[in-house]
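The values are calculated or read from the model by the stated rules, or taken from the named source; none is laboratory data. Because the structure is a prediction, the values reported are computed rather than measured. Here the Cβ is made from the backbone with ideal geometry for all residues, glycine too, and neighbour counts use every protein chain on show. All accessible areas refer to the heavy atoms of the entire protein, side chains included, with ligands and DNA or RNA removed. Shrake-Rupley method; radii C 1.70, N 1.55, O 1.52, S 1.80 Å.
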Amino acid sequence: MGCDMPQKPIVYDAPTPQPRANDAETLRNEILEKLTYAVGKDPIVARRTDWLTATILTIRDRIIDQWMESTRDTWRTSQKRVYYLSLEFLIGRLMRDAVSNLGMMEQVREALGSFNVDLDELIEREPDAALGNGGLGRLAACFLESMSSIKVPAYGYGIRYVHGLFRQEMSDGWQVELPEDWLAHGNPWEFERRESAYEIGFGGSVEPVTQPDGSVRQVWHPAEHLNAVAFDTPVVGWRGARVNTLRLWSAQPIDPLLLDRFNSGDHIGALEESAKAVSITRVLYPADSTPAGQELRLRQEFFFSSASLQDIVRRHLQQYGDLGSLPDKVAIQLNDTHPAISIAEMMRILMDVQGLAWNEAWKLTKGIFSYTNHTLLPEALETWPVALLERLLPRQMQIAYAINAMVLEEAREKGLEDSRIAAISLIDENGGRRLRMGQLAFVGSHSINGVSALHTELMKQTVFADLHKLYPDRINNKTNGVTPRRWLMQCNPALTRLISERIGPDFRDDIEQLIKLDAHAEDKSLQDQFAGVKRGNKERLAALIKERAGISVSPDALFDIQIKRIHEYKRQLLNIMEAVAQYNMIRAHPEKRWVPRVKVFAGKAAPSYWNAKLIIKLINDVAKVINNDPAVRGLLKVVFLPNYNVSLAETIIPAADLSEQISTAGMEASGTGNMKFALNGALTIGTMDGANVEMRERLGPENIVIFGMTADEVDDVRAQNRAPREMIEASPTLREVIEAIGSGVFSPDDRARYRSLMDGLYDHDWFMVARDFDAYCAAQRKVDTLWSDRTVWNAMAIRNTARMAWFSSDRTIREYADDIWGAPHI
Ligand code: 26V
């Protein structure tokens, strides 16, 4: 079937529409009109969701004008387009982002107020689009916003999951997963593009067909077919600089009624086939580090890769009419290996569909693609069984073999010894043959980047050591960033106002100006105001904690926060064990002056990750004991907030005093939560891992609390297989904690519950929880000391905000645009 091209001629010079009026009166009338004619509701009976829809539609009209203008501009100027392929876009709520970036917050508030509708209540009603697991997905969302803000012509390509990441509820302290239903009330942001549908095949066979000119082309005859239908969401940049497109694919049966089969009497068969097609885009895989290894996941990866590439090639041919210019006009970024099959699929499209020869197709492919690695965890490096690929994607597997042969040949020519050849092979021969998606992405790309300086170095030394020797210029670093619009201006309006009053409002357009705040760090009145803003945010969080967890906390306490996916390498266990140590000390020394603390945790565990779920239960068990022990006198509170998501992060982060970034060194590729906290004036307690290392450099070592082993030290200990027993025995504090947890002090209903968790610390302590424990406790006591002199603390907090500008995703995207994509930007 393919795609229905727009009619020629394309009107490049359509008139730019008059900007719509944005005053409250106009907005009021338009919202009422949308409510009546688009939603079909009388204001008398309208519910909040109806008002929300009407408001979004009103704002959307303003976005569309700029959207068309942006698209037209790219056509007119023949600018290069960037395509960000990602299986995850963790965009969260969009309304506040859009209204704020368009500078219409006050007008919209007033317009709604005239109907007695509260804007903030509507904002809270919008479902949080959780089309991602964690850091990788949120980074994709920050990047989209930055690309619009600095005018990179770009598309995000992904999957329109019907169910995003599961909703987390607590049942007696255990995580329970419930389906998430973000589309239940429709989605006013998206445009379904039935005309942008592409056929996607699976299975079948490959047939060599001799062409009239005597050449031979491979023709893939898939056994199964389905459609990928595009749904477009506009992505608004700061001040509406540009509006780019997030294009998410939805799977549909080719013939929705499957009439042939239905008419032939096979009603059930028809329904089954239709359900199977649709199932591809039904759910997001909820694991963020252990490959599900399931066929459906591979189908998702190929489905969205193929649809995106067909769309990209179609758009390019439509505008330029030739394929040779592809690398000049198209840059495709692979967000991790999830879309890595694109390398083989692009080769198939260029050769089998477009008729190019291998060498030409390979040159174009390498010119177009680049790949970002987001993790070195061995279990997260994707590989697919060759047998599965041969069955599901026979042609792409043939191409992968051919790429492999070519690369190995090149390696031999360059003099690589045979023993090293196996290491660069795309095929892993250990325990069943598997295609290594990281190596495929590497060899098919002209640029491979890590997401922090340390992580990039480790990539060169570990997974890609051999490929790096062969292609020493390909690996480069692009340290992550976060958008300051969402993660400062929108989530922390009070701090934004305060900064504006002090250094003027220009930092909103040029984030580097934040550094001007540095000179005022010692100013007592600014310190008081800064602390006052923090206090307001903490009051709001305290109310939320009361509401969601039923725990009363004092905003005067130090708010110590760890929010992220629950994973052993992120070491929530280390944090909760320190809480137990603190609990023991408070009881042993009631006479001492303890710094009151509230330890907040939030995060989801992969449903199949037992230890992660057990750690959630442990946090809740420890919380129950500590929070209810009168001997603690409220000096320590432990809170687990359920259902962590982007919206919850937006409330928690501005209220943090202390940010926990305590991963085992060498294991957290970058972290981005670390950046969001520091930008909002929280101090970091952290290891020399990921972007913490660069934060320390830019904040100054005196403005961050670093502790623990380095990545090299972790490596040495693991290599020597040194058991931690001796060290545990040498630390009375640690021993006491392990004994208490292991013997069931916090789980009287099941005393053996945490036995294996604690045994793990004695046996191998893979994540260095025991080895880093004393250093971590000492670092926490240093935090107490800093907190005790609030002048010192506040000055450090201000310096954190002032010095974080470099971690804006605008800076990151400029680096990608200059060094990798060759794309325009401002
Ligand atoms: C891996 C897998 C494995 C197969 C099953 C599904 C699945 C889903 C996601 C992933 C990727 C996990 C990698 C990841 O999220 N990395 C994080 O990327 C952030 C952005 O670069 C970075 O800040 C975090 O440190 C890093 O853990």
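Data table
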| quantity | calculated |
| --- | --- |
| Region 261-316 - residue that is away from the ligand (no atom under 16 Å from the Cβ) and among the hydroxyl-bearing types (Ser, Thr, Tyr) and, of those, most open to solvent (accessible area, probe 1.4 Å) | SER264 |
| Residue within region 85-92 that is under 23 Å from ARG497 (Cβ atoms), touching a Gly at 6+ places or on another chain (Cβ under 9 Å) and open to solvent by 10 Å² or more (accessible area, probe 1.4 Å) present | no |
| Test set (1) in contact (Cβ under 8 Å) with a residue 40 or more places away in the chain; (2) away from the ligand (no atom under 16 Å from the Cβ); (3) open to solvent by less than 20 Å² (accessible area, probe 1.4 Å) - ASN404 fails condition number | (1) |
| Residue list for region 624-652, restricted to those being open to solvent by less than 10 Å² (accessible area, probe 1.4 Å) and over 30 Å from PHE89 (Cβ atoms) | ILE626, VAL632, LEU636, VAL638 |
| Restricting region 499-525 to residues that are aliphatic (A, V, I, L, M) and buried (at least 20 other Cβ atoms within 10 Å of the Cβ), the residue that is nearest to ARG814 (Cα to Cα) | ILE511 |
| Boolean, SER663 is under 24 Å from SER808 (Cα atoms), within 12 Å of the ligand (Cβ to nearest atom) and touching a Lys or Arg at 6+ places or on another chain (Cβ under 6 Å) | yes |
| Those residues of region 441-461 which are farther than 22 Å from GLY367 by Cα and open to solvent by 10 Å² or more (accessible area, probe 1.4 Å), in sequence order | ALA453, LEU454, GLU457, LEU458, GLN461 |
| Residue within region 159-180 that is surrounded by 17 or more Cβ atoms within 10 Å (Cβ to Cβ), within 16 Å of the ligand (Cβ to nearest atom) and closer than 30 Å to ASP818 by Cα present | yes |
| Answer from VAL783, VAL769, VAL792 - the residue that is open to solvent by 50 Å² or more (accessible area, probe 1.4 Å) and of a type in the set (A, V, I, L, M) | VAL792 |
| Helices (runs of 4 or more DSSP H) (entirely within region 1-119) containing at least 1 residues that are modelled with pLDDT under 95 and within 24 Å of ALA823 (Cα to Cα) | 48-77 |
| Sole residue being surrounded by fewer than 17 Cβ atoms within 10 Å (Cβ to Cβ), touching a Phe, Trp or Tyr at 6+ places or on another chain (Cβ under 8 Å) and at pLDDT 95 or above, chosen from ALA740, ALA797, ALA752, ALA775 | ALA775 |
| Residue in region 464-483 that is over 27 Å from the mean Cα position of the chain (by Cα), surrounded by fewer than 17 Cβ atoms within 10 Å (Cβ to Cβ) and closer than 28 Å to ALA141 by Cβ present | no |
| Any pair with Cβ under 6 angstrom, 6 or more apart, that starts in region 327-347 at a residue that is charged (D, E, K, R) and modelled with pLDDT of 95 or more and ends at one that is away from the ligand (no atom under 12 Å from the Cβ) and open to solvent by 10 Å² or more (accessible area, probe 1.4 Å) | LYS329/LYS80 |
| Residue in region 132-143 that is open to solvent by less than 30 Å² (accessible area, probe 1.4 Å), part of a strand (DSSP E or B) and within 16 Å of the ligand (Cβ to nearest atom) present | no |
| Residue that is least open to solvent (accessible area, probe 1.4 Å), among those in region 670-681 that are closer than 20 Å to LEU574 by Cβ, within 9 Å of the ligand (Cβ to nearest atom) and touching a residue at least 24 places away in the same chain (Cβ under 8 Å) | SER670 |
| Yes/no for HIS455 being more than 16 Å from the ligand (Cβ to nearest atom) and touching a residue at least 60 places away in the same chain (Cβ under 8 Å) | no |
| Tally of residues being at pLDDT below 95 and either over 18 Å from the mean Cα position of the chain (by Cα) or not in a loop (DSSP other than H, G, I, E, B) (or both) across region 372-382 | 3 |
| Verdict on LEU679 being modelled with pLDDT of 95 or more, within 20 Å of the chain's Cα centre (by Cα) and over 24 Å from GLN168 (Cβ atoms) | yes |
| Among (1) crowded, with 21+ Cβ neighbours inside 10 Å; (2) away from the ligand (no atom under 16 Å from the Cβ) - the single one ILE123 does not satisfy | (1) |
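Residue-by-condition table, conditions (1) among the acidic types (Asp, Glu); (2) modelled with pLDDT of 95 or more; (3) touching a Ser or Thr at 6+ places or on another chain (Cβ under 9 Å); (4) exposed (fewer than 15 other Cβ atoms within 10 Å of the Cβ):
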position: LEU683; (1), (2), (3), (4): no, yes, yes, no
position: THR687; (1), (2), (3), (4): no, yes, yes, no
position: ALA691; (1), (2), (3), (4): no, yes, yes, no
position: MET695; (1), (2), (3), (4): no, yes, yes, no
position: PRO701; (1), (2), (3), (4): no, yes, no, yes
position: ILE706; (1), (2), (3), (4): no, yes, yes, no
position: ARG722; (1), (2), (3), (4): no, no, no, yes
position: ARG725; (1), (2), (3), (4): no, no, no, yes
